[in-house]
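What follows is a single structure, written as structure tokens, with notes after it.
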Amino acid sequence: MSSPKLRAIIFDIGRVLIRVDVARATSSLAEGLSLSPQEIWSALERDPLWKDWQEGRISPRDWHLHLAKRLGSKLSFEQFVEVWNRVLDPTPIHEDAFLEKLGEKYRLAVLSNTDPLHLAHMERTYKFLALFPVHIYSCRVGACKPNPLIYKEALQACKVRAQEAVYVDDIPAYAQAAERLGMQAIVFENREQLCRDLGELSIDVT
């Protein structure tokens with residue numbers, strides 16, 4: 001029995017479509033703390049409220065107040081927003097032509113664990129996101145990867161079955177979660193490796 005034809009390619013965003021530079025944000029978020037930028041970001045990701053922030057249950061202003069108290073930051077809300085979004089590198093990883101080529105034959109979607117501030121910044125800043133008809137964000141769905149719910153939301157929005165979709169993520173555990181639902185999955189390392197792995201799935205990237 002032949003495998004179902006692939007009809008959709010679903011991409012994570014951070015470190016797959018957009019470079020992430022935590023030092024750009026954390027250096028201003030926590031001046032005076034004797035921690036490295038990566039240690040500060042890791043501490044944020046372990047914050048008891050991090051999941052609520054990522055799943056849309058905390059407002060941006062409440063998140064700002066929470067971190068200001070925790071880190072001793074004196075940034076105004078407006079300054080905080082600007083600093084928080086510095087983590088997202090302004091130059092995309094892929095050229096539009098590469099994504100446009102994929103979009104000619106496959107339904108493209110983004111699927112990201114992200115917060116309301118990064119969401120608004122990305123949609124305003126990165127024109128290439130217009131090449132993706134489907135945008136699935138954890139803070140809108142109310143669930144983060146690896147929760148199956150967020151993957152199912154993406155499949156439903158793409159109008160495909162799991163067996164008809166490929167999911168690309170830089171985090172192996174999130175790729176494995178997609179595989180458990182029946183999707184093909186690629187762990188992203190770099191552009192050349194992505195093209196090679198897509199080619200092995202008979203997806204033409206030339």
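The values are calculated or read from the model by the stated rules, or taken from the named source; none is laboratory data. In this text, all values refer to a predicted model and were calculated from it rather than measured experimentally. Cβ placement follows ideal geometry from the backbone for every residue including glycine, while neighbour counts extend to all protein chains displayed.
Summary table below
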item	result
Residue match in segment 152-173 (condition: surrounded by 19 or more Cβ atoms within 10 Å (Cβ to Cβ), more than 14 Å from the chain's Cα centre (by Cα) and not hydrophobic (A, V, I, L, M, F, W, C))	yes
Test: G14 is on the phi > 0 side of the Ramachandran plot, surrounded by 13 or more Cβ atoms within 10 Å (Cβ to Cβ) and under 21 Å from the mean Cα position of the chain (by Cα)	no
Conditions (1) surrounded by 14 or more Cβ atoms within 10 Å (Cβ to Cβ); (2) in contact with a helix residue (DSSP H, G or I) (Cβ under 8 Å, 6 or more places away or on another chain); number of the one not met by K74	(1)
Any hit, segment 49-56, residues being more than 27 Å from L129 (Cβ to Cβ) and of a type in the set (D, E, K, R)	no
Any chance E100 is touching a residue at least 24 places away in the same chain (Cβ under 8 Å), surrounded by fewer than 16 Cβ atoms within 10 Å (Cβ to Cβ) and under 30 Å from A185 (Cα atoms)	yes
Of the criteria (1) outside any helix (DSSP H, G or I); (2) in contact (Cβ under 8 Å) with a residue 40 or more places away in the chain, which one A185 fails	(2)
The one condition in (1) outside the structural domain of A130 (by TED's automatic domain parsing); (2) surrounded by 13 or more Cβ atoms within 10 Å (Cβ to Cβ); (3) modelled with pLDDT of 95 or more that L33 fails to fulfil	(3)
Residue count for segment 140-151, restricted to those that are part of a loop (DSSP other than H, G, I, E, B) and over 14 Å from the mean Cα position of the chain (by Cα)	2
Tally of residues being surrounded by 17 or more Cβ atoms within 10 Å (Cβ to Cβ) and under 21 Å from A8 (Cα atoms) across segment 103-125	8
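This table checks each residue for (1) part of a helix (DSSP H, G or I); (2) closer than 26 Å to K152 by Cα; (3) touching a residue at least 24 places away in the same chain (Cβ under 8 Å).
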| residue | (1), (2), (3) |
| --- | --- |
| V16 | no, yes, yes |
| A25 | yes, no, yes |
| Q38 | yes, no, no |
| L44 | yes, no, no |
| D47 | no, no, no |
| W63 | yes, no, yes |
